[in-house]
Amino acid sequence: MQNTSKASWVKIQFEETVSFSGIGFKSANDFPNRDPNKVTVKISNDGNQIQIAAVSLNFESKRWHTLNFFSISAKTKEVIFEFENPGCNEIQLGEIIFYDDNLQKRIEFK
């Protein structure tokens, strides 16, 4: 992940518009102090109009824990995730998951 002073970001661009009804975040397998504790999700179809949804991430101490947010729903060609962890200079995440309208896994980024 790109790291700029306690914040990191990931930009995902799709060739076509995709729709999703939820997003999941899975912690990695080691170093829980590197888990992000806040994510801002920015969604755009044209690079100009941006919808923002911010959520707090409170991963359990066990590793490979998944947090799902089904209040984030969109049709988009671009998603930007900004991750924050003020207590650490490095951020790690095991997986980002997009869920379809039936709340089934649609796309996974590992």
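The values are calculated or read from the model by the stated rules, or taken from the named source; none is laboratory data. Quick caveat: nothing in here was measured; it's all calculated off a predicted structure. All Cβ positions, even for glycine, are placed from backbone atoms using ideal geometry, and neighbour counts span all protein chains on display.
Brief remarks follow.
- Qualifying residue in the range 93-105 (condition: under 14 Å from S19 (Cα atoms), assigned to a loop (DSSP other than H, G, I, E, B), in contact (Cβ under 8 Å) with a residue 24 or more places away in the chain and small (G, A, S)): no
- Breaking point among (1) at pLDDT 85 or above; (2) touching a His at 6+ places or on another chain (Cβ under 8 Å), for F98: (2)
- Among the residues of the range 57-71, those that are in contact with a strand residue (DSSP E or B) (Cβ under 8 Å, 6 or more places away or on another chain) and either loosely packed, with under 11 Cβ neighbours inside 10 Å or at pLDDT 75 or above (or both) comprise L57, N58, W64, H65, T66, L67, N68, F69, S71.
- Some residue of the range 32-41 being part of a loop (DSSP other than H, G, I, E, B) and over 17 Å from V10 (Cβ atoms): no
- Residue match in the range 35-50 (condition: within 17 Å of Y99 (Cα to Cα), more than 14 Å from the chain's Cα centre (by Cα) and of a type outside the set (V, I, T)): no
- Every test in (1) surrounded by 11 or more Cβ atoms within 10 Å (Cβ to Cβ); (2) at pLDDT below 85 is passed by F25 save one, and that test is (2).
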